[in-house]
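A short write-up of the structure that comes next.
The values are calculated or read from the model by the stated rules, or taken from the named source; none is laboratory data. Please read these numbers as outputs of a predicted model, since none were measured by experiment. Note: ideal-geometry Cβ built from the backbone for every residue, glycine included; neighbour counts use all protein chains shown. Surface accessibility is based on the protein's heavy atoms, side chains included, excluding ligands, DNA and RNA. Shrake-Rupley method; radii C 1.70, N 1.55, O 1.52, S 1.80 Å.
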Amino acid sequence: MPLSTQSQSQDEQYVLVANLDNARNLSNILKAITCKDHAVFTATANGLKVTVEDCKCMQANAFIQADIFQEYTLKEDMVIFQINLTVLLDCLNIFGGSTAAGASTALRMCYMGYGHPLLLFLEEGGVVTVCKINTQEPEEPIDFEFSSCNVTNKVILQSESLKEAFSELDMTSEVLQITMSPSQPYFRLSTFGNSGNAHYDYSKDSDMMELFQCNKTQTNRYKMSLLKPSTKALAISCKVSVRTDSRGLLSLQYLVRNDNGQICFVEYFCCPDEEVEEE
């Protein structure tokens, strides 16, 4: 990759350097969390975490592990900055996001540290474009304190079955109601839209259900406006984990395979809109 031939002396000035042979492996996962203009980038030895929030009630995180990158160099324990995600995606797709066989845009991403812009070197077919995107003081993301030890109910589904459910439910509904229970209806999605009430049920023995771990009956409602952005992650995922804790906080974790077959994760947290009395 021509971009990797930059001199070592040039690299020494950067606290973060990340190379990808195919920029789509980054842009596709970032599109899955684009619901607001700005995102917080956090780089650690494990890789990149990109966070977007809405109204302090919803948080979307994209995790791109360090081994996804052909090169990943970090000179500090943690590097964090805020950036305009819309501008970043425009830059990553500056060559049109070509999907033609054999055509891919190589990416070299460099950051010198606090107050400096994020530098993108994009190369396709011998043409190199350099983009500088201003970074901003990051707002600290909310810690929803969602812990696996506090998970009350959890199911893992094939993404196709959840796509089918969303296509049949009434998306004019202001809320999506989720019922998870150790007894029937086990896992139910409900909407209350213009065309009336609709329910979509999953049996715990369904072929689409990879894991069913429900300890108590929970019914919670979530604002559809906050959940709709997560359908972008659903569209490119192959599995989804649906978890709730004792407060009714919802975690949707999507497993996404990139063009190289590598696995990345997108996770959405959503606060319950209102608790529903059990019938």
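Name the GluC sites (Glu not before Pro) in the range 102-148 that are in a loop by DSSP and that have at most 12 other C-beta atoms within 10 Å, would you?
Working: sites: Glu123, Glu124, Glu139, Glu145; in loops: Glu139, Glu145.
The qualifying sites are Glu139, Glu145.
Under a Cβ-Cβ cut-off of 10 Å, what is the net charge of the residues other than Cys214 that fall near it, where Lys and Arg count +1 and Asp and Glu count -1?
Working: positive: Lys154, Lys204, Lys216; negative: none.
Taking every other residue near Cys214 into account, the sum is +3.
Subtracting the Cα-Cα distance from 0.36 nm times the residue separation, let me have the gained length for Asn84 to Met171 in nm, one decimal. Walk me through the numbers on the way to the answer.
Numbers: separation 87, 0.36 × 87 = 31.32 nm, distance 2.90 nm.
Contour length minus Cα-Cα distance gives 28.4 nm.
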_Across Lys36/Lys223; Lys36/Lys216; Lys49/Lys204; Lys36/Lys56; Lys154/Lys239, pairs whose alpha-carbon gap is larger than 24 Å_ = Lys36/Lys216; Lys49/Lys204
*For helix 159-168, report the angle its Cα long axis makes with the longest principal axis of the Cα atoms of the chain; keep it between 0 and 90° and round to the nearest 10°.*
60 degrees
*Say a paramagnetic label sat at a point 7 Å from the Cα of Ser225, along Cα to Cβ; which residues of the range 176-218 have their backbone N under 17 Å from it?*
176-177, 192-194
*FRET efficiency estimate (nearest 0.05) - Cβ-Cβ, Asn46 to Glu160, R0 25 angstrom*: 0.25
*From the residues Pro182, Asn258, Asn220, which one has its Cα farthest along the dipole of the chain in the positive direction, the dipole being from +1 and -1 charges on Cβ of Lys/Arg and Asp/Glu about the Cα centre?*
Asn258
*In debye, nearest 20: dipole of the range 44-168 around its Cα centre with unit charges on the Cβ of K, R (+) and D, E (-)?*
240 debye
*Considering only protein heavy atoms, with the full assembly of protein chains and a 1.4 angstrom probe, order Arg24, Arg108 by accessible area, largest first.*
Arg24, Arg108
*Under the definition of Cα pairs under 8 Å and six or more residues apart, what whole-number percent is the relative contact order of the range 13-136?*
31 percent
_Point-to-point label distance, Leu255-Asp205, nm (Cα→Cβ direction, 7 Å offset)_ = 2.4 nm
*Report the paramagnetic label zone for Thr217: residues of the range 177-191 whose backbone N is under 13 Å from a point 7 Å from Cα along the Cα-to-Cβ axis.*
179-188
*For the chain, report the accessible area per residue in Å² (1.4 Å probe, heavy atoms, rounded to an integer).*
47 Å²
*Enter the accessible area of Tyr202 (Å², nearest 10), with the probe set to 1.4 Å and all protein chains included.*
10 Å²
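How would Thr105, Thr73 rank on accessible area, largest to smallest, probe 1.4 Å? Don't skip to the answer; put the middle values down first.
Working: Thr105 10, Thr73 55 Å².
From most accessible down to least: Thr73, Thr105.
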*So if we plug the beta-carbon distance of Asp37 and Val127 into 1/(1 + (r/R0)^6) with R0 = 30 Å, what FRET efficiency do we get, rounded to 0.05?*
0.60
*How much solvent-accessible surface does Met171 expose, in Å² to the nearest 10, with a 1.4 Å probe and all protein chains in place?*
60 Å²
*asked:* If the reach is capped at under 17 angstrom between alpha carbons, list the aspartates and glutamates near Lys75, excluding any in the same chain fewer than eight residues apart.
replied: Asp11, Glu12, Asp67
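Normalised by the number of residues in the range 151-270, what is the relative contact order in percent for Cα pairs under 8 Å and 6+ residues apart?
29 percent
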*Amide H partners (placed H, <5 Å) of His38, local residues excluded*: Leu85
*Fully extended, how many nm does the chain gain between Glu137 and Asn194 (0.36 nm per residue separation, minus their Cα-Cα distance)?*
16.2 nm
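Can you give the helix-only mean residue ellipticity at 222 nm for the chain, where every DSSP H stretch with n ≥ 4 adds -39500 (n - 2.57) and the sum goes over all residues, rounded to the nearest 500 deg cm²/dmol? Can you show the working numbers first?
Details: 6 runs with 41 residues, N = 279.
Estimated from H runs of four or more residues: -3500 deg cm²/dmol.
Below 8 Å, C-alpha to C-alpha, sequence gap of six or more: please give me the relative contact order for the chain in percent.
Numbers: 634 pairs, mean separation 53.0, N = 279.
Relative contact order, the chain: 19 percent.
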*asked:* With 19 Å as the cut-off, how large is the P(r) tail for the range 13-136, expressed as percent of Cα-Cα pairs?
replied: 45 percent
